[in-house]
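Single-structure report; data block below.
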Amino acid sequence: MSEVRASASESVPTPQRRTGRLRIRKRRTVAVALSVILGSTLLFWSADWLARLGAQSLLASSIADYTGSRDSPTVRIGGSFFLSQVIRGRYDHVEVAMDSISDGPLRLESLTADLYGVHVPFHDILVGQSNSVAIDRTHEAALLRWEDLNSYLEFTGRTVRIEPSGDGQVLLTATTNLLGNSVSASAEAELSAEDGGIAVQPRRLQTQSPIDSASELLLGRRFTFIIPLDPLPFGQIVTEIGVRDDGLLVQAQGVNIVVIP
C-alpha cells in the first residue's frame with residue numbers, strides 16, 4: 001500500500017514543475033509570435049519591393065517611349081511606405097535621369113528631373129502597361145553642350161558660333177555676307193528665357209572694318225535668334241540659364257504634364 005501511495009505522489013506536479021512548464025509554454029508562444037511577425041515583415045517587404053520595382057520599370061519604359069530615347073532612363077520612386085502609393089495610384093516624388101535626349105537636330109545631355117504627384121493607376125502596374133502618365137508638377141535640368149549647340153546652328157543654316165567668354169557671358173562670332181561684302185564680326189550676347197526656349201540678344205557688335213548703319217542693323221538681326229528647347233520632356237518653362245565651360249545648364253519646370261508612351 002505504501003508503494004502505491006508513493007507512485008501516486010510522484011505523478012502529481014510539484015509547484016516547481018508547473019512553473020517550468022509555464023515558462024516553456026511562454027517561450028514557445030513568444031517564438032511563434034516572433035516567427036509570425038518576422039514572416040509578415042518579410043512578406044510585406046517583398047511585396048513592397050516588387051511593387052516599387054514594377055512601378056519604376058513601367059515609368060522608365062513609358063518615358064523612353066515618350067521621348068524616343070534608345071536607352072531606358074533611370075527612375076527612382078521615393079517614399080518609405082510604397083504600397084500605399086501603389087494602391088492610391090499616386091507617387092509623391094519620382095527622380096529621373098537620362099544620359100541624353102534629342103528632338104530633331106538639337107541634342108541635350110545629362111538630363112535630370114524631379115517629378116511630383118505622378119499618377120499611374122494600380123491596374124497599369126499589374127498589367128505592366130500604361131496609356132498615359134499624368135504629372136502634377138516638374139523640375140528638370142539639362143546640359144546643352146557648346147558643340148551640340150553649334151552643330152544645331154550650322155544645321156539650321158546659321159553661320160554664327162557661340163562660346164563662353166567668362167563671367168557667365170557668351171560670345172558670338174561669325175563671318176557673313178552683308179550687302180555683297182564679307183564681314184567678320186563678334187558680339188557679346190545676353191541670354192533670356194522666351195517662348196519655351198533661350199533667346200540670344202547681341203550687344204556691343206564689333207567688326208574688323210567699319211560698316212554702315214544698315215549693315216550694322218542687318219548684322220544685329222543675324223546675331224539674334226532663339227534656341228528651342230523642344231527636347232525637354234517635362235515642361236518648357238525655363239527658370240534659369242547657367243553658362244558653364246562645357247555648355248549651357250538649363251533649368252525648367254512644368255505643371256500638369258501628360259506623358260503618352
*Which one is farthest from the chain's Cα centre (by Cα) among residues in segment 133-162 that are of a type in the set (D, E, K, R) and exposed (fewer than 15 other Cβ atoms within 10 Å of the Cβ)?*
E154
_Can you find, within segment 96-105, the residue that is modelled with the highest pLDDT among those that are part of a strand (DSSP E or B) and loosely packed, with under 15 Cβ neighbours inside 10 Å?_
A97
*How many residues does segment 79-96 hold that are within 17 Å of V133 (Cα to Cα) and of a type outside the set (K, R)?*
10
_Filtered residues of segment 172-183 (kept if crowded, with 16+ Cβ neighbours inside 10 Å and either within 22 Å of L149 (Cα to Cα) or of a type in the set (F, W, Y) (or both))_ = L172, A174, T176
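Determine, yes or no, whether S130 is crowded, with 17+ Cβ neighbours inside 10 Å, assigned to a loop (DSSP other than H, G, I, E, B) and under 21 Å from the mean Cα position of the chain (by Cα). Let's see the steps before the verdict.
Working: crowded, with 17+ Cβ neighbours inside 10 Å: yes; assigned to a loop (DSSP other than H, G, I, E, B): yes; under 21 Å from the mean Cα position of the chain (by Cα): yes.
Yes.
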*Just name the residue that is nearest to the chain's Cα centre (by Cα) out of those in segment 61-84 that are buried (at least 16 other Cβ atoms within 10 Å of the Cβ) and among the hydrophobic types (A, V, I, L, M, F, W, C).*
V75
*In segment 195-221, which residues are modelled with pLDDT under 90 and under 36 Å from the mean Cα position of the chain (by Cα)?*
D195, G196, R203
*Sort out which residues of segment 64-95 are touching a residue at least 40 places away in the same chain (Cβ under 8 Å) and closer than 20 Å to L249 by Cβ, and write them in order of number.*
T67
*Could you tell me whether any residue of segment 106-125 is in contact with a His (Cβ under 9 Å, 6 or more places away or on another chain), more than 21 Å from P231 (Cα to Cα) and modelled with pLDDT under 85?*
no
_Among the residues listed as G79, G117, the single one being more than 30 Å from R158 (Cβ to Cβ), among the small types (G, A, S) and part of a strand (DSSP E or B)_ = G117
*asked:* Please verify whether S186 is modelled with pLDDT under 95, among the polar types (S, T, N, Q) and either closer than 27 Å to S102 by Cβ or crowded, with 16+ Cβ neighbours inside 10 Å (or both), treating the condition exactly as stated.
replied: yes
_segment 106-127, subset surrounded by fewer than 17 Cβ atoms within 10 Å (Cβ to Cβ) and within 12 Å of the chain's Cα centre (by Cα), residue nearest to N256 (Cα to Cα)_ = Y116
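Would you mind listing the strands (runs of 3 or more DSSP E) fully within segment 212-261 where at least 2 residues are in contact (Cβ under 8 Å) with a residue 24 or more places away in the chain and either out of contact with any Gly (no Cβ under 8 Å at 6 or more places or on another chain) or of a type in the set (D, E) (or both)?
Where strands (runs of 3 or more DSSP E) fall fully within segment 212-261 and carry at least 2 residues being in contact (Cβ under 8 Å) with a residue 24 or more places away in the chain and either out of contact with any Gly (no Cβ under 8 Å at 6 or more places or on another chain) or of a type in the set (D, E) (or both), they are 237-243, 247-259.
The values are calculated or read from the model by the stated rules, or taken from the named source; none is laboratory data. Everything quoted here is computed from the prediction, not taken from an experiment. Don't worry about glycine lacking a Cβ; one is built from the backbone with ideal geometry, like all the others, and counts go over all protein chains shown.
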